[in-house]
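Student: Structure in structure tokens, see below.
Quick note: the coordinates plus some simple rules give every number you see, no bench work behind them. Every value quoted in this text rests on a predicted model; they were computed, and no experiment measured them. Glycine also receives a Cβ, built like all others from the backbone with ideal geometry; neighbour counts cover every protein chain displayed.
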Amino acid sequence: MHEITVLVELIKMVETAAIENNIDEIDTVVVQIGEMSSIVPRYMMEYFPNAAEGTLLENSKLKIEMISANGLCHHCNKVFKIVKNKGKCPYCKADDWEMLSGMEFILKEIVIKETLAPE
């Protein structure tokens, strides 16, 4: 379960950015995960509260956006969804392709909590 290690590093990275920018509270951390990466989104969601405990992100939410695994067929030069088509180009049925996306793990956004100014 390397998701815990990934979460710990993600939290460190977000905390560093927050401290450098004088941010006290983080509402949401948004990450993008490629559907063919080795990271299991369900585990990320499940372990995030425990990994964030005692950190600046303790009361934050984790939002995951999935990135489709897309391939470029070497035979017909068309882009297709790899997982949906089980690794075969739906246009020419070839299985000789180059992966364009689907292995990513990206910290996309850090959403800070809005604090109302005193009147």
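Student: For Leu72, all conditions in the list (1) over 30 Å from Asp27 (Cα atoms); (2) surrounded by fewer than 14 Cβ atoms within 10 Å (Cβ to Cβ) hold save one; what is the number of the exception?
Tutor: Only one criterion is unmet by Leu72, namely (2).
Student: Suppose we filter Asn50, Asn59 for residues that are surrounded by fewer than 16 Cβ atoms within 10 Å (Cβ to Cβ) and under 14 Å from Leu10 (Cβ atoms); which single one remains?
Tutor: Within the list Asn50, Asn59, the selection yields Asn50.
Student: So, in the stretch 84-113, how many residues would count as being assigned to a loop (DSSP other than H, G, I, E, B) and aliphatic (A, V, I, L, M)?
Tutor: 2
Student: In the stretch 9-26, which residue that is outside any helix (DSSP H, G or I) and surrounded by 14 or more Cβ atoms within 10 Å (Cβ to Cβ) is nearest to the chain's Cα centre (by Cα)?
Tutor: The residue in question is Ile26.
Student: Taking the condition within 20 Å of Ile33 (Cα to Cα), touching a residue at least 24 places away in the same chain (Cβ under 8 Å) and under 22 Å from the mean Cα position of the chain (by Cα), does Met103 pass?
Tutor: When the stated conditions are applied, Met103 passes them.
Student: Okay, moving on. On the given criteria, is Glu65 under 23 Å from Lys108 (Cβ atoms) and under 16 Å from the mean Cα position of the chain (by Cα)?
Tutor: Against the criterion (under 23 Å from Lys108 (Cβ atoms) and under 16 Å from the mean Cα position of the chain (by Cα)), Glu65 qualifies.
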